């Protein structure tokens, strides 16, 4: 490489740094690309171009560049830190754990890095390790209500209910989300009457879950609720189901299975991110973002098939839902849904998982009150939880 080329590369690099600092990210990317063309493989250029792509939202390009940066300079804390943030933003949890751990080994002291590592471990179901990192954050600063809440969530998932209650109360004392924390505490006290969930909890949960929902739910948790629910449906009319409503449609797992038997298929979900994923499948005639009860109350449509796969476990009390379904379903229409069964006589239980269980006696009473009959049920797991099958019921009713 000649002195002239080295000089040009340095000039392009300095221009890129100045443009980056002024927030001129597109111009900075062009300058760093020119510097990299003139000085291929230079770690400082790879790092800065990777950071610029990260800021521009081009996560794939950022990952590739930052991988090259850490390969070129394996002891670079800045490169490993940037790569860790990129893995986290890309929802690449396994790679993220490795890059976060490496950054911490090299001396990173960022609470954000440790918090991201804890969340990545939790996403992979590695709750004990996640809890250790969360506790380390609290050992440094116990004033953060969000970290107390996160620790409580991890302890609740691990079945450490007394410890979880302590963490939630610590979060409350530090100004945490009172509505959500009281909901979590109620889940730890099954003798209490089950409250309805905070609506924004359900929306936020699934908005954040949407990006890797299918991979996590079907791949990691072995979810089969959609398959089993559709598999055991009664035979449709000869011409197919006329109007089908997919309640809590999520990313469209049920929709893609029922599409060939539905003349018109609509879906409703509280999460805009889930609706966007469902829309990308291209199987729905109509998608609505909103609460299922609100939609049923205001829709003028009548349906001959309504599906609710893994939905009622996030709704809780179902009196209003069944009342509205009774108004929106034609005589002979089929209602098919899944539940996690509660003990007989328990009615509705808010479980430590923050999901609801329903007893068959409770559901049969609702069905009778709203003119549903022909009860059929299939007993089969819905998903895995902590490597154990989650017991489920697949229930099929006819509108009388």
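Computed from the coordinates by the stated procedures, all read-outs in this text should not be read as laboratory data. What you are looking at is a predicted structure, and each value in this text was computed from that prediction instead of being measured. Every residue, glycine among them, receives a Cβ derived from its backbone with ideal geometry; neighbour counts consider all protein chains shown.
Over the range 1-150, what is the relative contact order in whole percent, taking alpha-carbon pairs under 8 Å and six or more residues apart? It would help to have the intermediate numbers written out before the result.
Numbers: 179 pairs, mean separation 19.1, N = 150.
Computed value for the range 1-150: 13 percent relative contact order.
Using Cα-Cα distances under 8 Å and only pairs 6 or more residues apart, what relative contact order does the range 123-189 have, in percent?
28
Given an 8 Å cut-off on Cα distances and at least 6 residues of separation, report the relative contact order of the chain as a percent. Spell out each step's value before the answer.
Details: 689 pairs, mean separation 38.6, N = 400.
Computed value for the chain: 10 percent relative contact order.
Rounded to the nearest 10 degrees, the angle from helix 127-140 to the longest Cα principal axis of the chain is 60 degrees.
From most to least packed by mean Cβ count within 10 Å, the peptides 61-70, 138-147 give 61-70, 138-147. Per residue, the convex hull spanned by the Cα atoms of the range 204-399 amounts to 109 cubic angstrom. Peptides 272-285, 225-238 ranked from most to least packed give 272-285, 225-238, packing being the mean of other C-beta atoms within 10 angstrom over each peptide's residues. What is the calculated FRET efficiency for residue 182 to residue 135, with r their C-beta to C-beta distance and R₀ = 22 Å, to the nearest 0.05? So, using R0 = 22 Å, E works out to roughly 0.40. Quick one: helix 43-55 against the long Cα principal axis of the chain, what's the angle to the nearest 10°, folded into 0 to 90? It is inclined by approximately 30 degrees. Helix 145-157 axis versus longest C-alpha principal axis of the chain: approximately 50°, rounded to the nearest ten. At an R0 of 30 angstrom, the distance between the Cβ atoms of residue 360 and residue 91 translates into a FRET efficiency of 0.20. Using the Cβ-Cβ distance between residue 330 and residue 377 with R0 set to 30 Å, the FRET efficiency works out to roughly 0.85.
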